[in-house]
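Student: Below you'll find the structure I mean.
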Amino acid sequence: MRVKICGITQPQQSVAIASLGATALGFICVPSSPRYVTAAQIRAAVTPLPENIDKIGVFANSSLAEITQTVLDSGLTGVQLHGDETPEFCEQLRESLPQVEILKAMRVRNLEHLEQAIIYTKYIDTLLLDAYHPQQLGGTGQTLDWQMLQQFTPSCPWLLAGGLTPDNVLEALSQVNPDGIDLSSGVELQPGDKDLDKVALLFERLGRTVNS
Ligand SMILES: O=C(O)c1ccccc1N[C@@H]1O[C@H](COP(=O)(O)O)[C@@H](O)[C@H]1O
């Protein structure tokens, strides 16, 4: 199972979190977020990482040109679209960056949103389901209604996000069967500063060994 730890801002934490067992690290490219990092900061954080770790940039309603330039400048291997990007936008991004993994995040409010998620699967590699929050785009610590996701089996891989912590992750995984999970505020001391003890506890509870 993929485990993505998102909202990394410190280069030394990216290396530590990868060695604890993360398969993917996320970097917030949304200027209004307290976890925002520049392309140069991402470059510094991803350069020492092993090749097999996915390096995902999180964008929200950025232009194609901004995303493409950031990917080229930073060494990202994936782009997570966390705003109101359309399926057509995803298709154009795929043409611009054919080698880069495209993840579309859906902030799920109800069953109708889940149905909309399916429309994207033709144009992306991976879906990510996050909780809806009226004021914030992400990193909110709010959980989804896991029961609603029990029948969710899209034709592409998907990651469960939204308020996951070392304390609730096993309960979530007992109810839903995603291809991976994504955690941010649930393993933090404060926005952008990850709590390495909580990250270690997460992998202990998931029963993982280093980079398995
Ligand atoms: O973390 C942020 O600040 C952020 C800002 C804008 C868009 C997405 C953001 N984070 C994403 O939110 C989810 C869930 O976070 P949490 O575990 O509930 O704190 C995660 O996918 C982050 O990539």
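Bear in mind these aren't lab numbers, they're just calculated from the coordinates by the rules spelled out. All values derive from a computational prediction rather than experimental measurement. Every residue, glycine as well, gets a Cβ built from its backbone with ideal geometry; the counts of neighbours run over all protein chains shown.
Student: Which count do you get for residues in the range 109-156 that are farther than 23 Å from PRO34 by Cβ and not in a loop (DSSP other than H, G, I, E, B)?
Tutor: Count: 16.
Student: Going by the structure shown, is LEU189 aliphatic (A, V, I, L, M) and buried (at least 16 other Cβ atoms within 10 Å of the Cβ)?
Tutor: Answer is no for this residue.
Student: While we're here: Of the residues PRO178, PRO166, which single one is buried (at least 20 other Cβ atoms within 10 Å of the Cβ) and over 23 Å from PHE59 (Cβ atoms)?
Tutor: Just a single option satisfies the conditions, and that option is PRO166.
Student: Is it the case that the range 41-61 has a residue that's part of a loop (DSSP other than H, G, I, E, B), of a type in the set (Val, Ile, Thr), surrounded by fewer than 24 Cβ atoms within 10 Å (Cβ to Cβ) and more than 16 Å from the ligand (Cβ to nearest atom)?
Tutor: Within the range 41-61 (the criterion being part of a loop (DSSP other than H, G, I, E, B), of a type in the set (Val, Ile, Thr), surrounded by fewer than 24 Cβ atoms within 10 Å (Cβ to Cβ) and more than 16 Å from the ligand (Cβ to nearest atom)), the answer is yes, since at least one residue qualifies.
Student: Condition first: farther than 14 Å from LEU159 by Cβ and either aromatic (Phe, Trp, Tyr) or within 15 Å of the chain's Cα centre (by Cα) (or both). Now tell me which residues in the range 121-143 satisfy that.
Tutor: Hits for the range 121-143 are TYR123, TYR132, LEU137, GLY139, THR140, GLY141, GLN142, THR143.
Student: Can you tell me how many residues in the range 107-130 are surrounded by fewer than 19 Cβ atoms within 10 Å (Cβ to Cβ) and either touching a residue at least 60 places away in the same chain (Cβ under 8 Å) or within 16 Å of the ligand (Cβ to nearest atom) (or both)?
Tutor: So the count comes out to 3.
Student: Please go through the range 177-197 and give me each residue that is within 21 Å of LEU144 (Cα to Cα) and within 15 Å of the ligand (Cβ to nearest atom), ordered by number.
Tutor: PRO178, ASP179, GLY180, ILE181, ASP182, LEU183, SER184, SER185, GLY186, VAL187, GLU188, PRO191
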